[in-house]
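Note sheet for the following structure.
Just so it is clear, none of the values below were taken in a lab; they were calculated from the coordinates. Remember, predicted model here, so these are calculated numbers, not experimental data. Note: ideal-geometry Cβ built from the backbone for every residue, glycine included; neighbour counts use all protein chains shown.
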Amino acid sequence: MAVPIGPVTTISKNKLKTMLDSSLEFENDWRDEFKNSFRSTHKLHQFLGFEIPKTDYPLFIPVRLALKIKELGQQSSLWKQFVPSTLENEDKGLVDPIGDLVHSKPGQLIHRYQNRALFMPTNICPVLCRYCFRKNELFNEKELFEANLVETQKYLLEHSEINEIIFSGGDPFILSDEKLASYIDFFASIKSIKHLRFHTRIPVILPSRINQPLLEVLKKSSGHFETISIAIHSNHVDEWDQEIETAIMKLNRLGLQLLSQTVLLKDVNNTAQDIVNLMNKLVKNKIRPYYLHHPDSVKGGMHFMVPLEEGRKIYSELRDQLPGWAIPQYIIDRPDGRGKLPAFNPESFNFSGQFI
Ligand code: SF4
C-alpha cells in the first residue's frame, strides 16, 4: 500500500479547471505535453503528497491526468488505474496473458484470426496503465515492435485472406503524423487490405494529440479503405472532460467509425452503474459501445482481476438501464492465443471453464 506522508491536498473544481487550462499551453505541440509527463516516483510523490511504491514496471502519467488523479484522490478509479501499487510486485499471473507471442509473425504482425492482423508499430503509450495486458511485453519483447515493412509486405501478400489491419501496440497515435501517414500509405498499396482500425487510448488521455495535422492524415486515408475505425479505450467516466469531448467531436466530423473498448477492473469500474455511466458517456459522444473485456491474467496486474461470476452478474444488470445497441460485447481472451470468447453465460453466472 502507498504510505501517506500527509493529507492529499484536494483541489476545487475551479482550481482544477484553471490548472487544466494552464496545461493547455502545450496544446499547440502535444509532444511537449507528452515530454512533461511524470515518469519518476519521486516527482509523482512530491506532486500527489503520497509515497509512490517502486515496482518492476515504469511509470508514465501526463500532467493533465495527474491533476485529475490528485483531485479525485487515492480511492478513485484514476488513481487505481495509473498510480503504481506494491501489488504489482506479486509473482502470479502470466507474462503474455493473451498469447501474443504464439501468433507473432514477421514484420510486427500478430495474426490470430483469419481475416485480420494486428500491426504493432510502437511500444510507446500516452500513459502506462497499471493493469495493461502487455505490461510485460512493452519493454521486453522488442521483436514484437521492430519495424520491417519488407517482411510485413511479404507476409500480407502471402496471406491475402487478411483484409483488415488493426494498429495496436503501444498506441499508434503516438507516432508522428509523417510516420503514421507512411504506414497508412503502405497498407493502402496492398490491394487485399480493405479495412483499417486503430486501437488507442490517446483521445481520453492526451486529447491535444487529436490536432489538425492528425485529422488531415486520417481524412486523407479514408478514401483508400472501405472502412476506418477508431476503437477508443476508456474505463471510467471520471477520465472524461470537455477537452476530451471536443477531441472526439473532431474525430466524429471525419465520418469514421468510432468504437469503444473497456476493461472490467476491480475497484475501478466493477459495478453495473460504473459501466452504465461510461456507456452513456460514450453514446452521448457518438462512440459505439463495442467491447467490455474481462481482465486478463497478467503478471503485475492480478490485483485488478474480477471473478468471471461477478463480471457476468454485472453484465446481466446492464440491460435494465441500457438498450441493446448501447451494451458492449463482454468478451474474454484465451491465454493460449486462440482469441476471444463471449464471456457472458446467460444460463449460469458460474464459471465452468479452465483458462489457465
Ligand atoms: S494505453 Fe493500452 S497498451 Fe498502453 S499501457 Fe495502457 S492498456 Fe497498455
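Below is a table of values for the structure above.
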quantity: Theoretical gain in end-to-end length, Leu157 to Lys340 [0.36 nm per residue, Cα-Cα removed]; calculated: 63.3 nm
quantity: Value of [θ]222 nm, deg cm²/dmol, for the chain, DSSP H segments ≥ 4, -39500 (n - 2.57) each, nearest 500; calculated: -9500 deg cm²/dmol
quantity: Per-peptide average of other Cβ atoms within 10 Å, ordering 227-237, 37-47 highest first; calculated: 227-237, 37-47
quantity: DSSP beta bridges in the chain [antiparallel fraction, %, rounded to 5]; calculated: 30
quantity: Proximal lysines relative to Lys286, as straight alpha-carbon distance under 21 Å, when same-chain residues fewer than 8 apart are discounted; calculated: Lys219, Lys250
quantity: Diffusion constant of the stretch 192-262 at 4 °C, which comes from Stokes-Einstein with the Kirkwood Cα-pair radius and 1.567 mPa s, µm²/s; calculated: 103
quantity: Sorted by Cβ neighbour density within 10 Å, fewest at the top, the residues Met305, Met120, Met249; calculated: Met249, Met305, Met120
quantity: Selected from Gly73, Gly337, Gly223 as most flexible by GNM, with the chain as the system and alpha-carbon contacts under 10 Å; calculated: Gly223
quantity: Span from the the stretch 232-260 Cα centroid across to the the stretch 58-84 one, whole angstrom; calculated: 20
quantity: Long-range Cα-Cα pairs in the chain (distance over 32 Å), rounded percent; calculated: 30
quantity: Shape category assigned to the stretch 75-199 from the gyration tensor of Cα positions, a/c cut at 1.5; calculated: prolate
quantity: Net length gained if the chain between Leu215 and Glu310 were fully extended (0.36 nm per residue, minus Cα distance); calculated: 30.2 nm
